[in-house]
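The values are calculated or read from the model by the stated rules, or taken from the named source; none is laboratory data. Remember, it's a predicted structure, so these values are computed and weren't measured experimentally. For neighbour counting, all protein chains shown are included, and Cβ atoms are generated from backbone atoms with ideal geometry for every residue, glycine included. Only protein heavy atoms, including side chains, enter the accessible area calculation; ligands, DNA and RNA are left aside. Shrake-Rupley method; radii C 1.70, N 1.55, O 1.52, S 1.80 Å.
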Amino acid sequence: MSRLRDLSANQCASGDGSVYPGFGTCDSSDAYVWTLRSFGGGTFELVTRASGSCLSAPFNRSPPWRTAAVMVATCNSDEPQQLWNNGGTA
């Protein structure tokens with residue numbers, strides 16, 4: 001289990017049941033707890049404990065949605081926008 005913490009604001013991503021994740025105080029609430037469910041090869045789903053839903057990139061990445069926020073949706077490992085990896089170092 002993990003928390004997705006924004007270090008600059010010291011707040012955590014919340015999967016509290018709404019479509020778009022929010023940010024908050026990183027308390028012990030299930031809304032701030034995420035499970036990294038492995039799919040092998042360094043790929044995983046980010047599943048929120050609060051609802052069992054997954055963090056998902058926008059489905060349509062063509063204009064004007066290229067800058068759309070991530071969302072929380074029903075988990076479906078057949079959807080590549082719900083699969084994540086570490087991405088290496090910057």
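Miscellaneous remarks
- Solvent-accessible surface of the range 12-54, averaged per residue with a 1.4 angstrom probe and all protein chains in place: 49 square angstrom.
- Global form of the chain, assessed from the alpha-carbon gyration tensor, a/c cut-off 1.5: rounded
- Between Asn85 and Phe23, the FRET efficiency estimated from the beta carbon spacing at R0 = 30 angstrom works out to 0.85.
- Within the accessible surface of the chain, defined with a 1.4 Å probe on protein heavy atoms only, the carbon and sulfur portion equals 52 percent.
- Ranking Leu7, Leu83, Leu36, Leu55 from most to least accessible surface, computed with a 1.4 Å probe over the protein chains only, gives Leu7, Leu36, Leu83, Leu55.
- For Phe23, solvent-accessible area (1.4 Å; no DNA, RNA or ligand), Å²: 130
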